[in-house]
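Just so you know, all these numbers are worked out from the coordinates, no wet-lab data involved. Small disclaimer: the values here were computed from a predicted structure and weren't measured. With ideal geometry, Cβ positions are generated from the backbone for all residues, glycine too; neighbour counts draw on all protein chains shown.
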Amino acid sequence: MSHPHTLKPRQLAFDPLAEKRKGPLNLWYYRRIADKSNFVEGTYPSDITLVNWPQNDFYLGNLHEVSETEAIRNFTRAKQLSLSLLYWLQTEAPRPDGGIGWKGLRMRKDIVGTDDGLAKYPYIRESRRIRAEFTVLEQHISTEARMEQTGKSKDEVTAEYFPDSVGIGWYRIDLHPSSGGNNYIDLDAIPFQIPLGALIPQRVENLIASCKNLGVTHITNGCYRLHPVEWNIGEAAGTLAAVCLQKKEPPRHIRNTQKLLSHLQLVLKQSGVELEWPRVRPG
Ligand SMILES: Cc1cc2nc3c(=O)[nH]c(=O)nc-3n(C[C@H](O)[C@H](O)[C@H](O)COP(=O)(O)OP(=O)(O)OC[C@H]3O[C@@H](n4cnc5c(N)ncnc54)[C@H](O)[C@@H]3O)c2cc1C
């Protein structure tokens, strides 16, 4: 396959029989969800892997903001792309022994509970987002942008400090090709915080954003959409809801009242949620 950024040829392996750590990245192990060797013999007849690779990222159309007919068409095309990849793996993918195709590969309808063996619902990497009280921008967290703004070196630069922080996260700004026509974007980001303002909508009262729906942009979604960050966002959203009920105050009022905000942050800290990275300080 080609490198997603440079389009230069790139070698990845696909070999369910290989030892895990030999040679180039072996995609069989990339998202393997069951390793039969971890279980009592006979529990699993074979390993199980989840295939969500660049090869079956579908970006030729949208499921939202199109007619129902168009959405169904795109949904079907996305499924066909995954099935085409499977067919190629079964029939034409080169094998280390010089042969082609992995004949034993099969869909696990029994595991996913669908008639075609595909997931129950497509994974949508970037979701709709609220218009939030505060939106995290590239210039708050991108290494390059922060270096430009602050004149600091790569080693010294820190992300924008958010006094209403309800958690932390870190990942690259990693955007896959979009149905809007953008190619991969991959930029360095600095360890960042999750501002409470990004969980609170501008217009609606008593609605709290979670997972990918918070106040980020298309660009900053690229690093707030990851497991650890979403988990922290969920913890913060749940804690905020509990504090709102306890104090009988809406989320916006908690954020705008220093005493209540400090209380929420204390509850989070007491529950083990980190609110800042050790080196992130104002100024
Ligand atoms: C195919 C795919 C690939 C991904 N790739 C990556 C990746 O490479 N790297 C990465 O970091 N992230 C990746 N993600 C995203 C990652 O999985 C999510 O960010 C993460 O799982 C979000 O965690 P969460 O706890 O917020 O939500 P979830 O993991 O969705 O947990 C929510 C839980 O709530 C339960 N639930 C829902 N409604 C109710 C209800 N009414 N009552 C009780 N329980 C309920 C659900 O059953 C579920 O167990 C991927 C996701 C998918 C689907």
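Things worth noting here:
- For the chain, the antiparallel share of DSSP beta bridges with both residues in that region comes to about 85%.
- The magnitude of the dipole of the chain, with charges of +1 and -1 set on the Cβ of Lys/Arg and Asp/Glu and taken from the Cα centre, is near 240 debye.
- Relative contact order [Cα under 8 Å, 6+ residues apart], the chain, whole percent: 14 percent
- Net lengthening on full extension, ARG10/GLU249 (0.36 nm per residue, minus Cα-Cα): 80.6 nm
- Label-point separation, MET147 to HIS218 (7 Å along Cα→Cβ), nm: 2.5 nm
- Using the average count of surrounding beta-carbon atoms within 10 Å as a protection proxy, the listed peptides 60-66, 170-176, 205-211 rank, highest first, as 170-176, 205-211, 60-66.
- Label-point gap, in nm, between ILE33 and SER178 - each point 7 angstrom along Cα→Cβ: 2.8 nm
- Crossing angle, helix 227-247 versus the chain [Cα axis fit, 0-90 degrees, rounded to tens]: 40 degrees
- Highest mean packing comes first when the peptides 98-106, 231-239, 22-30 are listed by Cβ atoms within 10 Å, giving 231-239, 22-30, 98-106.
- Amide H within-cut-off set for ARG10, under 5 Å, with H built and near neighbours excluded: SER2, HIS3
- Relative contact order (%) - segment 1-124, alpha-carbon pairs under 8 angstrom, separation at least six: 12 percent
- Amide H contacts of ASN26: ALA13, each under 5 Å away and 5 or more positions distant or on a separate chain (H built 1.01 Å from N in the peptide plane; Pro and chain starts excluded).
- Semi-axis lengths (Å, descending) of the ellipsoid that matches the C-alpha gyration tensor of segment 82-191: 42, 20, 13
- By the beta-carbon count within 10 Å of each Cβ, the least crowded to most crowded order of PHE134, PHE14, fewest first, is PHE134, PHE14.
- Rounded if a/c under 1.5, otherwise prolate or oblate - segment 1-124, Cα gyration tensor axes: oblate
- Convex hull volume of the C-alpha atoms in the chain, normalised per residue: 194 Å³.
- Over 27 Å apart at the Cα level, from the set LYS22/LYS120; LYS22/LYS103; LYS212/LYS269; LYS152/LYS212; LYS36/LYS103; LYS79/LYS212, are LYS22/LYS120; LYS152/LYS212.
- ARG128 paired with LYS154, simple spin-label distance in nm, labels 7 Å along Cα-to-beta-carbon: 4.0 nm
- Burial ordering of SER82, SER262, SER142, fewest other beta-carbon atoms within 10 Å first: SER262, SER82, SER142
- Leading residue at positive end of dipole, segment 1-78 (Cβ point charges), from LEU27, THR43, THR76: LEU27
- Peptides 45-51, 250-256 ranked from most to least packed give 250-256, 45-51, packing being the mean of other C-beta atoms within 10 angstrom over each peptide's residues.
- Hz values of 3J(HN,Hα) by residue in segment 121-127 - Karplus curve (6.51, -1.76, 1.60), Gly and Pro given as x: 8, x, 7, 9, 5, 10, 9
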